[in-house]
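Input: a single structure, listed below in structure tokens.
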Amino acid sequence: MSAHDTVPAGRLARLVPADPLRRRLLAIRFAGATGKGVFLSGSVVYFTLHVGLSAAQVGIGLSAAGFAGLVSSVLFGMIADRMPKRTLLCALFAAVALGFGLYSVVSDATGFYVLVVLIAFLDYGTGPTESAMVATLVPDGERVRLNAMMRSMFNIGFSVGIGIAALAALSPRLLVAIPVGSAVLLGAAAVLATRLPAGAPGSAARRPRPFGAIRDLRYLSVVGVSALLASHISLLMVVLPLWTINRTEVRPFLVPLLLVLNTAFVILFQVRASKGAETLEGAAATGRRAGLWIAAGCLAVSLTAVWHHTALAVAAIVATVLALSVAEVMQSASAWGLALGLAPKHAEGEYLGTFDLHVATQNVAGPVLFSGLVIAQGFWGWAALAALMAVAALLIGPAARRSAEAMAGLAAAHDTAVDTEEPV
């Protein structure tokens, strides 16, 4: 075997650090991702074939679940600033595991709606709580790289979960393994979380006023631009497959293969793409490059609207998937660097939870807006998206600088206030 053949194996080996704390964090991410992979990839099959819900009812429930993240990520971020983070993380994982288990006894649409929204509300809280835990336990210069490793591990776990769901779908009698398997895996994540350090809350005197991050307009401008740069999610998972199936001659079987390509790319290159995003300046530059890659991907697929040739369409779509995959690993690294770099020490949980809105917002609005635009407008729809992403790429740097300047003033004012309130 040549040295070149060992490169992928070497990249995967670097996902297992020697430090016990980091190994535990990665193990938690793997267990949680596998459980979510089982459910998300098998939920439509389970609820339509086993429970008997219609496709429309499942779609309504899953869409409603997406809105839950717009509230819970900020709320649980604030809670993480006010109680031991390990306690909160264990409680959230345990509650989500219980919710997945209850799916096995759901028999109608009403029960499904209530449970799917409640589970999503709790599940969206695990993200900012985990991020706050990392921010508390890991030194500044190592956080972005660790987040990159955790994202690669998420993709590995999610892929394993898809395989488990596929096996469960082989027989109607095995379908119940989808919610039960998800529950067991999320329960394992809860147990693993008990082995983390406590991650104690900050002192009462240093706690921020509630919803301060939501009122920070300069910070929200960074979140908003990052939401545009996170459009690679909707473009890859929803818009490009719809375009491929409805507006090209490419065979539909290519679509899942392209998603496999994307998953492998993220697993192999996410850690490498995080290099340089540890600082605010580097994170903004990485976000700018991500926006330009998304624009390039949109321009590549736009060619399929004017050149109706199957081979060229396949080449253009593969190129688009690769461009969006590069954008994904860069934008993710940029988001971690910006979120961690801009979050004030006295309110890390709340600010990290607020930054998570860039993904939640994109998940709610992106699929509808972008798919409607390109399906209706064709070439010019893709060109408009490319222009929008180029503008976002130009805006992320100035937005981050303005927020950093405001954050420095906020931190100084807060420290002064604490010094005057606390006796020496």
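The values are calculated or read from the model by the stated rules, or taken from the named source; none is laboratory data. Not measured: the values here are computed from a predicted model. Every residue, glycine among them, receives a Cβ derived from its backbone with ideal geometry; neighbour counts consider all protein chains shown. Only protein heavy atoms, including side chains, enter the accessible area calculation; ligands, DNA and RNA are left aside. Shrake-Rupley method; radii C 1.70, N 1.55, O 1.52, S 1.80 Å.
Against the empirical 2.2 N^0.38 Å (N residues), the range 364-407 has a Cα radius of gyration ratio of 1.55.
The mean of 1/r over all distinct Cα pairs in the range 22-144, once inverted, gives the Kirkwood hydrodynamic radius of 15.5 Å.
Volume per residue of the convex hull around the Cα atoms, evaluated for the range 229-305, comes out as 81 Å³. Binning the alpha carbon pair distances of the chain at 20 angstrom intervals from zero yields the distribution 25, 59, 16, 1, expressed in whole percent. Basic side chains Lys and Arg get +1 at the Cβ, acidic Asp and Glu get -1 at the Cβ, and with that the dipole of the chain about its Cα centre reaches some 540 debye. Summing Lys and Arg as +1 and Asp and Glu as -1 over all other residues whose Cβ lies under 14 Å from the Cβ of residue 222 gives a net charge of 0. Cross-link partners for residue 275 among the lysines, with Cα-Cα distance under 26 Å and sequence neighbours closer than 8 places in the same chain left out: 345.
With the highest mean first, a sort of the peptides 287-293, 327-333 on other beta-carbon atoms found within 10 angstrom per residue produces 327-333, 287-293. Averaged over its residues, the chain has an accessible area of 43 Å² per residue, based on protein heavy atoms and a 1.4 Å probe. Its Kirkwood hydrodynamic radius, worked out from the mean inverse distance over all distinct Cα pairs, puts the range 289-409 at 16.0 Å. Percent of Cα pairs in the range 153-295 per distance bin of 5 Å, from zero to the largest separation: 2, 7, 9, 12, 14, 16, 16, 13, 7, 4, 2, 0, 0. Here the range 320-371 has an Rg and Dmax of 13.4, 41 Å, counting Cα atoms alone.
Placing unit charges on each Cβ (+1 for Lys and Arg, -1 for Asp and Glu) gives the range 64-161 a dipole about its Cα centre, and among 84, 160, 107 the Cα reaching farthest toward its positive end belongs to 84. Here the range 177-315 exposes an accessible surface that is 69 percent carbon and sulfur, computed with a 1.4 Å probe and the other protein chains kept in place. Using Cα-only point scatterers and the Debye equation, what is log10 of I(q)/I(0) for the range 113-206 at each q in 0.13, 0.19, 0.25 Å⁻¹, rounded to two decimals? Results for the range 113-206 at q = 0.13, 0.19, 0.25 Å⁻¹ read -0.64, -1.13, -1.41. In the chain, a dipole from Cβ-located charges (positive for Lys and Arg, negative for Asp and Glu) runs towards its positive end, and of 327, 349, 255 it is 255 whose Cα lies farthest in that direction.
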